[in-house]
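The structure under discussion is supplied below as structure tokens; questions concerning it will follow.
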Amino acid sequence: MSRFLSKRLASLKAYTPGEQPKVENLIKLNTNESPFPPAPGVEKAVKEAAEKLQLYCDLTAGELTRLLAETMNVSENQIICANGSDEILAFAFQAYGEKGLAFPDITYGFYPVWAQLFGLDARVIPLNENFEIEPAKYGSNDRTLVIANPNAPTGLALPLSAIREMLILNPDQIVIVDEAYVDFGTESAIALLPEFDNLLVVRTFSKSRQLAGGRLGFAVGNPSLIADLNRIRNSFNPYNVNSMTQAAGAAALRDYAYFEECRREIMKTREWTKDQLLRLGFKVLPSRANFLFAAPPDMGGKEYLEALRKENILVRHFDAPRTKDYVRITIGSKSQMERLIEVTKGLIK
Ligand SMILES: *Cc1c(COP(=O)(O)O)cnc(C)c1O
């Protein structure tokens, strides 16, 4: 830290992203990326966009927004695109954080970091002993609510009825539903938008559309909320989604069959892996995401992670009192998960 850094930021604890090591033959199950390549049409679309890189990109991400509106069955003025859903969430925290924020104690690790970065007060609401979000705990609330559904790193999902309950309990607060993992078996809260003008749904192309490196996220909400977020975007970085990423996103959306095939394969492999781990005596939460939150028998989460690392398998561990017994395992290809199970069998007595 230099002596010039703003005092306000001296104690800022930055988000720790999962490692991205460049090691040969690594089985990388630590950052919830897809094991599959982008849709076949993406490469050509990006090449074509690259031929016009001397020009600024389309500020409105017009074609991408049109396709998203069609896919999500909403109007174009209900959508904003951004440089990953992280950027959308950062816009939303700035737009709606003045009265403070509330989110679960165990959730996406970036929420407390943004709160601190933007100087916003954060209230942490504990999950119950089964790691579940209890909607009733979010009543009599005077702040913007943020929940991930399915939640991370637990993988547990709330039904739409629970999201509806939270919206009804909070008619005068914004409720942000971060749906990074919704495509792996959860109903989207987008269905509730016609009823609630205080709902903002945040989505990403990183997990279920094979484009984590492209950095593309979007939000869906009431047109007035989308206008708020555009106001912030246009006061910060109006060209936030570059032309190659716009083209990649549009190409990915056009190939619906490939998207379906990939997400179905991941869900199938998830259930297979879960059964295998249960047989080996693991505790495994019922996941609706592209990862499993699992605790090995007779071993701490960190110990298991380190043993796997020696075999070139990378998973993620969250070193906090409630999560330390568990690791989060991204669902990779079937053969990667077979290797994980084979190695794990050797580690469990
Ligand atoms: C991965 C993830 C994000 C961020 O996704 P990007 O679009 O890659 O920025 C946001 N929220 C949750 C819960 C995530 O797991």
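Any read-out appearing in this document is the output of simple, stated calculations on the displayed coordinates, not a laboratory observation. Since the model is a prediction, treat every value here as computed from it, not as a measurement. Neighbour counts are summed over all protein chains in view; Cβ atoms, including those assigned to glycine, are modelled from backbone coordinates with ideal geometry.
Can you spot the aspartates and glutamates whose alpha carbon is less than 16 Å from K349's alpha carbon? Ignore those fewer than 8 places along the same chain.
Qualifying aspartates and glutamates at Cα under 16 Å: D298, E303.
Excluding same-chain residues fewer than 8 positions from K302, which aspartates and glutamates have a Cα within less than 16 Å of its Cα?
Hits, sequence-local ones excluded: E19, E311, D319, D325.
How big is Rg to Rh over segment 165-227, alpha-carbon atoms, Rh as the Kirkwood inverse-mean-distance radius? Don't skip to the end; give the middle numbers.
Numbers: Rg = 12.6 Å, Rh = 12.5 Å.
Rounded to two decimals, Rg/Rh equals 1.01.
I would also like to ask the following. If I model a spin label as a point 7 Å beyond the Cα along the Cα-Cβ vector, how far apart are those points for L160 and D121 in nm?
3.6
Over 18 Å between Cα atoms, which of K22/K324; K28/K283; K283/K324; K22/K334; K310/K334 qualify? Before the final figure, lay out the partial values.
Working: K22/K324 26 Å; K28/K283 22 Å; K283/K324 13 Å; K22/K334 22 Å; K310/K334 21 Å.
Result: K22/K324; K28/K283; K22/K334; K310/K334 exceed 18 Å.
In whole Å, what is the distance between the alpha-carbon centres of segment 53-85 and segment 107-172?
Answer, in whole Å: 27.
Taking 0.36 nm per residue of sequence separation and subtracting the Cα-Cα distance, how much length would be gained by fully extending the chain between R254 and I341, in nm to one decimal? Display every interim value, and only then the final one.
Numbers: separation 87, 0.36 × 87 = 31.32 nm, distance 3.54 nm.
So the extension gain works out to 27.8 nm.
For a label point 7 Å from the Cα of L53 along Cα→C-beta, name the residues of segment 201-221 whose backbone N is under 17 Å from it.
213-215, by backbone N distance to the label point.
Let me make sure I get this right: for segment 97-146, a, b and c are the square roots of the gyration tensor eigenvalues over alpha carbons, sorted descending. Under 1.5 in a/c it's rounded, otherwise prolate if a/b > b/c, else oblate. Which is it? Provide the component values of the computation, followed by the final result.
Details: a/c = 3.28, a/b = 1.41, b/c = 2.33.
Oblate is the answer for segment 97-146, as a/c is 1.5 or above yet b/c matches or exceeds a/b.
Just the ratio, please: alpha-carbon radius of gyration of the chain over 2.2 N^0.38 Å, N its number of residues.
On the way: Rg = 20.3 Å, N = 349, 2.2 N^0.38 = 20.4 Å.
Rounded to two decimals, the normalised Rg is 1.00.
Taking a cut-off of 29 Å between Cα atoms, list the lysines near K99, but don't count ones fewer than 8 places away on the same chain.
Within the straight-line limit of under 29 Å, K99 reaches these lysines: K7, K13, K137.
Here is a follow-up. So if each residue of separation counts as 0.36 nm, and I subtract the Cα-Cα distance between E132 and A10, what length gain in nm does that give? Each step should come with its number before you reach the end.
Details: separation 122, 0.36 × 122 = 43.92 nm, distance 3.40 nm.
Extending this stretch completely gives an extra 40.5 nm.
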